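The values are calculated or read from the model by the stated rules, or taken from the named source; none is laboratory data. Since we're looking at a predicted model, the values are computed, not measured. Here the Cβ is made from the backbone with ideal geometry for all residues, glycine too, and neighbour counts use every protein chain on show.
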Amino acid sequence: MSKKQHNYYYSFTSPPSEPPSSSGTPSAPPSEGNDTITAVSPPGYDEAISTPSGPTSYPQDFSAQPQPPAKKSELSGYVRDQSIPSFNTSPSASSSSAPAEGSLVIHVDGQQTTYSPDASAIYSSTGDYDVHEPLLSIEPAEHTDPFQGRPPPPNYSVYRAHYETKKSGILSRDRHLNQDGEALAQFLQQHNTPPSMKIKFYGYHEETFYRSRSIRDEDGTWREEREPVTKRVDDFNFDVDCTEDISRQCHGLYVLPDPKTGASKTVRELCDDYVHEVNALKELRLTKVVNWNYAELTRAFTAAIRSHGYYHSVDISYELNNHKITIKTDSPVSKMSDHKAIRFLFFITCLWIFAWPLLWLYKKKFGHSTLKSEWLMKVTERQWYDDHVHEVLGQIDSTPRFANVPFIF
């Protein structure tokens, strides 16, 4: 299990597997002249993800090993807000395409926005979108048009809210966003930019050695005793950035219907509910979702690493950053509850035992598990595997490693 695995978007650890020909665990590593193995071409994508149904071209059928579980669709049961069309956050898109026929060009504070009044009618509720559908092309973040597909009211000025950028995304305590539902909805769309993602490859094995120590028995006699000690040894640890492979086009905002009534609110209605809530600890959050077959891609790379001659534990994790937009109040209580020094003080004084349950009960959360935006990948899992499999294997040392070699320390 890799460190901080619970923070990853998706992660799977493949346990150690036996080499194709094993003659027992050696008592010491081989000499340098014999520590290489014959390189094997990585399996193709179909072969790597296939089930055990016949012979394979790589040394061992690793498909019989524990397989990564499928990641449940995070948009299952959600309803797309049809009032907000999909939009493109790429600055280059606006310079390469003209406004679609029948669309309306709106100028707001010197900025040009292309809006299709009938855009919501062309989107299906299944989430399938035509590649030629009208897109809203916007400028970089500092010049972003917050309406993104919706015509602004007459004589309406765009509000630029204050916010701070963190690794996980954006956090704003702007007072106006907590008072104006329209400004809040605009802020969510304005900063709904593509998330960043990297795939981390981590391989390790465990080595056991014996440590001598002196102990006193019941008779008061000193004697030496050997105890086994196992430690983890990192073999490789690197990541591959795939942020550029995430589509620049957001494919819509999704809201989870009420489980009791089945009624679904729009994003604007959810923002209004947040604004009207009188609670110093209220929060609203938009979470970005990247749809990809993580389990299948993980399975393919695990098979490729095994075919490369590495048989110890392999952990493949997907780390997502800039994937949250969070709105909180500027009340002292809300700020204090997030302050690291105060959290540490409550921890060492054990006051958290009383304070944290009260905060949990009093805090009102909006959208934490009900408001999401959908993002897709530009390439398929097969294409990404074919483009990066040699890059990944090139950073993995296939020299055999021998775990559980006992020696006295």
Residue match in segment 253-268 (condition: of a type in the set (Val, Ile, Thr) and in contact with a helix residue (DSSP H, G or I) (Cβ under 7 Å, 6 or more places away or on another chain))
yes
Segment 384-409 - residue that is part of a loop (DSSP other than H, G, I, E, B) and among the β-branched types (Val, Ile, Thr) and, of those, modelled with the lowest pLDDT:
Val405
When (1) surrounded by 13 or more Cβ atoms within 10 Å (Cβ to Cβ); (2) at pLDDT below 90; (3) out of contact with any Ser or Thr (no Cβ under 8 Å at 6 or more places or on another chain) are applied to Thr329, the one that fails is (2)
Checked segment 250-274 for anything β-branched (Val, Ile, Thr) and in contact with a strand residue (DSSP E or B) (Cβ under 9 Å, 6 or more places away or on another chain); matches are Val255, Thr266, Val267
Given the criteria surrounded by 11 or more Cβ atoms within 10 Å (Cβ to Cβ), closer than 25 Å to Val290 by Cβ and of a type in the set (Phe, Trp, Tyr), does Tyr202 qualify?
yes
Residue that is under 30 Å from His276 (Cβ atoms) and under 24 Å from the mean Cα position of the chain (by Cα), where the choices are Glu244, Glu164:
Glu164
Which residue pairs have Cβ atoms under 8 Å apart, sit 6 or more places apart or on different chains, and have a first residue in segment 311-327 that is closer than 15 Å to Phe238 by Cα and a second that is charged (D, E, K, R) and crowded, with 19+ Cβ neighbours inside 10 Å?
Val314/Arg306
Please give the number of the condition Ala300 fails out of (1) under 29 Å from Arg80 (Cβ atoms); (2) of a type outside the set (S, T, N, Q); (3) crowded, with 22+ Cβ neighbours inside 10 Å.
(1)
Kindly list the number of the only condition in (1) under 21 Å from Tyr10 (Cβ atoms); (2) exposed (fewer than 15 other Cβ atoms within 10 Å of the Cβ); (3) touching a residue at least 40 places away in the same chain (Cβ under 8 Å) that fails for Asp387.
(3)
Which residues, counting only those in segment 195-230, are at pLDDT below 90 and basic (Lys, Arg)?
Arg211, Arg213, Arg216, Arg223, Arg226
So, first residue closer than 19 Å to Asn321 by Cα and in contact (Cβ under 8 Å) with a residue 60 or more places away in the chain in segment 285-307, second residue among the polar types (S, T, N, Q) and part of a loop (DSSP other than H, G, I, E, B), Cβ within less than 7 Å, six or more apart or across chains; the pairs are Leu286/Asn192
Would you point out the residue of segment 258-303, among those that are small (Gly, Ala, Ser) and more than 30 Å from Asp386 (Cα to Cα), that is nearest to the chain's Cα centre (by Cα)?
Ser264
Can you tell me which of His308, His312 is in contact with a His (Cβ under 7 Å, 6 or more places away or on another chain) and either surrounded by 20 or more Cβ atoms within 10 Å (Cβ to Cβ) or closer than 30 Å to Pro43 by Cβ (or both)?
His312
How many residues, within segment 159-195, are acidic (Asp, Glu) and part of a helix (DSSP H, G or I)?
1
On the given criteria, is Tyr294 out of contact with any strand residue (DSSP E or B) (no Cβ under 6 Å at 6 or more places or on another chain) and either within 30 Å of Tyr204 (Cβ to Cβ) or not aromatic (Phe, Trp, Tyr) (or both)?
no
Looking only at helices (runs of 4 or more DSSP H) that lie completely in segment 239-347, which have at least 2 residues being within 25 Å of Ala70 (Cα to Cα)?
294-307
Restricting to segment 197-226, and then to whatever is in contact (Cβ under 8 Å) with a residue 60 or more places away in the chain and among the small types (Gly, Ala, Ser), can you tell me which residue is nearest to Ser247 (Cα to Cα)?
Gly203
Leading residue by the ranking (modelled with the lowest pLDDT) among those in segment 362-376 that are among the hydroxyl-bearing types (Ser, Thr, Tyr) and outside any strand (DSSP E or B)
Tyr362
Residue set Asp338, Asp272; condition farther than 30 Å from Pro16 by Cα, among the charged types (D, E, K, R), touching a helix residue (DSSP H, G or I) at 6+ places or on another chain (Cβ under 7 Å) and surrounded by fewer than 19 Cβ atoms within 10 Å (Cβ to Cβ); output residue Asp272
Pairs under 6 Å by beta carbon, first residue on the phi < 0 side of the Ramachandran plot and crowded, with 17+ Cβ neighbours inside 10 Å in segment 157-175, partner assigned to a strand (DSSP E or B) and charged (D, E, K, R), six or more apart or different chains?
Leu171/Glu164; Arg173/Lys328
I'd like the residue in segment 342-356 that is under 28 Å from the mean Cα position of the chain (by Cα) and at pLDDT 80 or above and, out of all such residues, is surrounded by the most Cβ atoms within 10 Å (Cβ to Cβ).
Arg343
